[in-house]
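Notes follow once the structure below has been shown.
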Amino acid sequence: GQQVMQIPQYQHVQEGEDFTTYCNSSTTLSNIQWYKQRPGGHPVFLIQLVKSGEVKKQKRLTFQFGEAKKNSSLHITATQTTDVGTYFCVRYNFNKFYFGSGTKLNVKP
Amino acid sequence: NAGVTQTPKFRILKIGQSMTLQCAQDMNHNYMYWYRQDPGMGLKLIYYSVGAGITDKGEVPNGYNVSRSTTEDFPLRLELAAPSQTSVYFCASTSRDTQYFGPGTRLTVL
(Lines give C-alpha, C1' and ligand atoms only; values in the text may rest on other atoms or scores of the structure.)
Protein backbone atom coordinates (compact mmCIF):
# COMPACT_ATOMS: atom_id res chain seq x y z
CA GLY A 1 0.00 0.00 0.00
CA GLN A 2 0.89 3.63 0.33
CA GLN A 3 1.85 3.56 3.98
CA VAL A 4 5.33 3.82 5.39
CA MET A 5 6.30 1.85 8.49
CA GLN A 6 8.24 3.46 11.33
CA ILE A 7 10.25 1.90 14.13
CA PRO A 8 10.52 2.11 17.02
CA GLN A 9 7.12 3.26 18.20
CA TYR A 10 8.58 4.75 21.37
CA GLN A 11 12.08 5.68 22.51
CA HIS A 12 13.13 6.90 25.91
CA VAL A 13 16.64 8.33 26.18
CA GLN A 14 18.73 10.17 28.70
CA GLU A 15 19.61 13.70 27.72
CA GLY A 16 22.86 13.62 25.77
CA GLU A 17 22.27 10.18 24.26
CA ASP A 18 21.74 9.69 20.55
CA PHE A 19 18.43 8.72 18.94
CA THR A 20 17.52 7.14 15.62
CA THR A 21 14.16 6.44 14.01
CA TYR A 22 13.71 4.36 10.88
CA CYS A 23 11.17 4.51 8.10
CA ASN A 24 10.57 1.63 5.68
CA SER A 25 8.50 1.16 2.57
CA SER A 26 7.73 -1.96 0.55
CA THR A 27 7.80 0.11 -2.64
CA THR A 28 10.25 2.60 -4.07
CA LEU A 29 9.64 6.13 -2.85
CA SER A 30 9.90 9.18 -5.06
CA ASN A 31 10.64 11.23 -1.96
CA ILE A 32 10.39 11.13 1.82
CA GLN A 33 9.62 13.93 4.21
CA TRP A 34 10.11 14.24 7.97
CA TYR A 35 7.90 16.16 10.37
CA LYS A 36 8.07 16.80 14.10
CA GLN A 37 5.04 17.14 16.35
CA ARG A 38 5.54 18.47 19.86
CA PRO A 39 3.14 17.19 22.55
CA GLY A 40 -0.21 18.90 22.08
CA GLY A 41 1.01 20.63 18.92
CA HIS A 42 0.75 20.28 15.19
CA PRO A 43 3.23 18.67 12.77
CA VAL A 44 6.03 20.90 11.58
CA PHE A 45 7.98 20.21 8.40
CA LEU A 46 11.66 19.37 8.93
CA ILE A 47 13.05 18.23 5.58
CA GLN A 48 12.44 16.49 2.26
CA LEU A 49 14.78 13.94 0.67
CA VAL A 50 14.49 13.05 -3.02
CA LYS A 51 17.78 11.55 -4.20
CA SER A 52 19.04 8.01 -3.71
CA GLY A 53 21.57 7.91 -0.88
CA GLU A 54 20.94 11.53 0.03
CA VAL A 55 22.16 12.77 3.40
CA LYS A 56 21.12 16.11 4.85
CA LYS A 57 22.01 17.70 8.16
CA GLN A 58 20.29 20.27 10.31
CA LYS A 59 22.47 21.02 13.33
CA ARG A 60 22.23 17.84 15.45
CA LEU A 61 19.75 16.14 13.08
CA THR A 62 20.96 13.90 10.24
CA PHE A 63 18.53 12.61 7.63
CA GLN A 64 19.31 9.78 5.21
CA PHE A 65 17.52 8.34 2.20
CA GLY A 66 18.44 4.77 1.32
CA GLU A 67 20.22 3.84 -1.87
CA ALA A 68 17.19 1.86 -3.05
CA LYS A 69 14.83 4.69 -1.98
CA LYS A 70 12.83 2.30 0.18
CA ASN A 71 13.96 3.47 3.59
CA SER A 72 15.00 6.56 5.47
CA SER A 73 16.34 7.44 8.87
CA LEU A 74 16.52 10.39 11.21
CA HIS A 75 19.38 10.51 13.68
CA ILE A 76 19.66 13.02 16.51
CA THR A 77 23.06 13.45 18.13
CA ALA A 78 23.24 14.33 21.83
CA THR A 79 19.53 14.72 22.45
CA GLN A 80 18.16 17.67 24.37
CA THR A 81 14.86 18.07 26.18
CA THR A 82 13.73 20.32 23.34
CA ASP A 83 13.85 17.26 21.05
CA VAL A 84 10.86 15.71 22.82
CA GLY A 85 8.00 14.95 20.45
CA THR A 86 6.82 12.54 17.78
CA TYR A 87 8.76 12.27 14.53
CA PHE A 88 6.87 11.24 11.42
CA CYS A 89 8.14 10.17 8.05
CA VAL A 90 5.76 11.05 5.24
CA ARG A 91 5.59 10.00 1.63
CA TYR A 92 4.21 12.43 -0.91
CA ASN A 93 2.63 11.00 -4.02
CA PHE A 94 0.22 12.53 -6.54
CA ASN A 95 -0.91 15.42 -4.32
CA LYS A 96 -1.43 13.14 -1.29
CA PHE A 97 0.64 12.81 1.86
CA TYR A 98 0.86 9.47 3.69
CA PHE A 99 2.06 9.63 7.27
CA GLY A 100 3.90 6.88 9.08
CA SER A 101 2.71 5.99 12.57
CA GLY A 102 5.54 8.01 14.13
CA THR A 103 8.23 7.51 16.74
CA LYS A 104 7.56 9.16 20.07
CA LEU A 105 10.75 10.43 21.68
CA ASN A 106 11.00 11.15 25.38
CA VAL A 107 14.19 12.72 26.75
CA LYS A 108 14.93 12.51 30.45
CA PRO A 109 16.95 15.44 31.84
CA ASN B 1 0.48 36.39 8.07
CA ALA B 2 -1.67 34.27 10.37
CA GLY B 3 -0.80 31.13 8.40
CA VAL B 4 -3.39 28.36 8.77
CA THR B 5 -6.15 28.99 11.29
CA GLN B 6 -8.76 26.55 12.58
CA THR B 7 -11.90 27.02 14.61
CA PRO B 8 -13.10 25.87 17.03
CA LYS B 9 -10.20 24.61 19.17
CA PHE B 10 -12.39 22.18 21.07
CA ARG B 11 -15.89 20.81 20.59
CA ILE B 12 -18.08 18.18 22.18
CA LEU B 13 -20.88 16.77 20.03
CA LYS B 14 -23.69 14.39 20.75
CA ILE B 15 -24.17 11.37 18.49
CA GLY B 16 -26.12 12.38 15.39
CA GLN B 17 -25.34 16.09 15.61
CA SER B 18 -23.73 17.98 12.77
CA MET B 19 -20.99 20.56 12.70
CA THR B 20 -18.54 22.33 10.44
CA LEU B 21 -14.86 22.65 11.23
CA GLN B 22 -13.47 25.84 9.79
CA CYS B 23 -10.05 26.21 8.15
CA ALA B 24 -8.57 29.29 6.55
CA GLN B 25 -5.15 30.21 5.19
CA ASP B 26 -3.79 33.58 4.11
CA MET B 27 -0.75 32.34 2.18
CA ASN B 28 -2.57 32.05 -1.17
CA HIS B 29 -1.85 28.32 -1.32
CA ASN B 30 -3.84 26.32 -3.84
CA TYR B 31 -3.50 22.97 -2.09
CA MET B 32 -5.33 22.33 1.17
CA TYR B 33 -5.86 19.18 3.24
CA TRP B 34 -7.88 17.77 6.10
CA TYR B 35 -6.47 15.09 8.39
CA ARG B 36 -7.58 13.28 11.48
CA GLN B 37 -5.20 12.04 14.15
CA ASP B 38 -6.32 9.39 16.59
CA PRO B 39 -4.40 9.00 19.88
CA GLY B 40 -0.87 7.66 19.38
CA MET B 41 -1.30 7.42 15.63
CA GLY B 42 -0.17 9.19 12.52
CA LEU B 43 -2.34 11.50 10.47
CA LYS B 44 -4.90 10.08 8.05
CA LEU B 45 -5.97 12.11 5.04
CA ILE B 46 -9.71 12.76 4.90
CA TYR B 47 -10.11 15.11 1.92
CA TYR B 48 -7.95 17.46 -0.05
CA SER B 49 -8.31 20.24 -2.59
CA VAL B 50 -5.98 21.41 -5.34
CA GLY B 51 -7.81 24.67 -5.86
CA ALA B 52 -11.11 26.50 -5.53
CA GLY B 53 -13.95 24.33 -6.77
CA ILE B 54 -11.90 21.11 -6.78
CA THR B 55 -11.96 18.52 -4.02
CA ASP B 56 -11.05 14.84 -3.79
CA LYS B 57 -11.20 12.00 -1.32
CA GLY B 58 -8.31 10.87 0.81
CA GLU B 59 -7.87 7.64 2.77
CA VAL B 60 -10.78 8.04 5.23
CA PRO B 61 -13.53 10.23 3.67
CA ASN B 62 -16.61 8.38 4.96
CA GLY B 63 -18.78 10.51 7.24
CA TYR B 64 -17.28 13.80 6.04
CA ASN B 65 -17.86 16.36 3.33
CA VAL B 66 -15.88 19.35 2.13
CA SER B 67 -16.25 22.34 -0.11
CA ARG B 68 -13.78 24.84 -1.53
CA SER B 69 -15.50 27.95 -2.78
CA THR B 70 -12.48 30.23 -2.24
CA THR B 71 -8.71 29.80 -2.17
CA GLU B 72 -8.62 30.83 1.49
CA ASP B 73 -11.29 28.59 3.05
CA PHE B 74 -11.67 24.82 3.24
CA PRO B 75 -14.41 23.80 5.70
CA LEU B 76 -14.98 20.19 6.78
CA ARG B 77 -18.54 19.08 7.46
CA LEU B 78 -19.63 16.23 9.74
CA GLU B 79 -23.28 15.43 9.05
CA LEU B 80 -24.15 12.70 11.58
CA ALA B 81 -21.49 12.59 14.25
CA ALA B 82 -20.46 9.16 15.52
CA PRO B 83 -18.14 8.19 18.42
CA SER B 84 -15.64 6.87 15.86
CA GLN B 85 -15.14 10.47 14.72
CA THR B 86 -13.67 11.45 18.07
CA SER B 87 -10.23 12.67 17.07
CA VAL B 88 -8.01 15.68 16.55
CA TYR B 89 -8.54 17.28 13.16
CA PHE B 90 -5.77 19.15 11.40
CA CYS B 91 -6.04 21.34 8.36
CA ALA B 92 -2.98 22.07 6.23
CA SER B 93 -2.01 24.01 3.15
CA THR B 94 0.93 23.28 0.90
CA SER B 95 3.56 25.26 -0.88
CA ARG B 96 6.32 23.51 -2.86
CA ASP B 97 5.62 20.13 -1.23
CA THR B 98 5.86 21.59 2.29
CA GLN B 99 2.76 21.31 4.44
CA TYR B 100 1.83 24.06 6.90
CA PHE B 101 -0.56 22.89 9.58
CA GLY B 102 -3.17 24.67 11.63
CA PRO B 103 -3.31 24.21 15.41
CA GLY B 104 -6.02 21.55 15.21
CA THR B 105 -9.56 21.00 16.49
CA ARG B 106 -10.09 18.46 19.24
CA LEU B 107 -13.50 16.85 18.70
CA THR B 108 -15.25 14.50 21.11
CA VAL B 109 -18.47 12.70 20.15
CA LEU B 110 -20.47 11.31 23.05
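Which percentage, to the nearest 5, of the DSSP beta bridges contained in chain B is antiparallel? Write down the numbers at each step before the final one.
Numbers: 34 of 38 bridges.
For chain B, the DSSP antiparallel bridge percentage is about 90.
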When chain A is modelled as a GNM with alpha-carbon springs shorter than 10 Å, which of A:Gln58, A:Gln48, A:Gln33 fluctuates the most? A:Gln58
Lys pairs in region A:5-108 with Cα under 22 Å (8 or more apart in sequence, or on separate chains) total 24
Heavy-atom accessible area with a 1.4 angstrom probe orders A:Lys96, A:Lys104, A:Lys59, most exposed first, as A:Lys59, A:Lys104, A:Lys96
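Counting other Cβ atoms within 10 Å, keep those with at most 14, restrict to DSSP loop, and tell me which GluC sites (Glu not before Pro) in region B:15-110 are left.
Values: sites: B:Glu59, B:Glu72, B:Glu79; in loops: B:Glu59, B:Glu72, B:Glu79.
Taking region B:15-110 and a limit of 14 other Cβ atoms within 10 Å, the loop GluC sites (Glu not before Pro) found are B:Glu79.
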Throw me the Rg/Rh for chain A, computed over C-alpha atoms with Kirkwood Rh, two decimals. 0.95
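For A:Met5, B:Met27, B:Met19, give me the order by solvent-accessible area with a 1.4 Å probe, most accessible first, ignoring ligands, DNA and RNA.
On the way: A:Met5 125, B:Met27 55, B:Met19 10 Å².
Result of the area sort, largest leading: A:Met5, B:Met27, B:Met19.
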Cα convex hull volume per residue for the protein assembly as shown, in Å³, equals 121
Would you mind counting up the charge near A:Ser30? Only other residues with Cβ under 10 Å from its Cβ, with Lys and Arg at +1 and Asp and Glu at -1. +2
Sorted by accessible area (1.4 Å probe), largest first, how do B:Arg96, B:Arg106, B:Arg36, B:Arg11 line up? B:Arg96, B:Arg106, B:Arg11, B:Arg36
Once you have the Kirkwood Rh of region A:47-93 from its Cα pairs, apply Stokes-Einstein at 20 °C and 1.002 mPa s and quote D in µm²/s. 184
How big is the accessible area of B:Asp56 in square angstrom, nearest 10, if you roll a 1.4 angstrom probe over the protein chains? 80
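The values are calculated or read from the model by the stated rules, or taken from the named source; none is laboratory data. Nothing here was measured: the structure is a model prediction, and the numbers come from that model. Quick reminder, even Gly has a Cβ in these numbers, built from the backbone with ideal geometry, and neighbours come from all protein chains shown. The accessibility values were calculated without ligands, DNA or RNA, using every heavy atom of the protein model including side chains. Shrake-Rupley method; radii C 1.70, N 1.55, O 1.52, S 1.80 Å.
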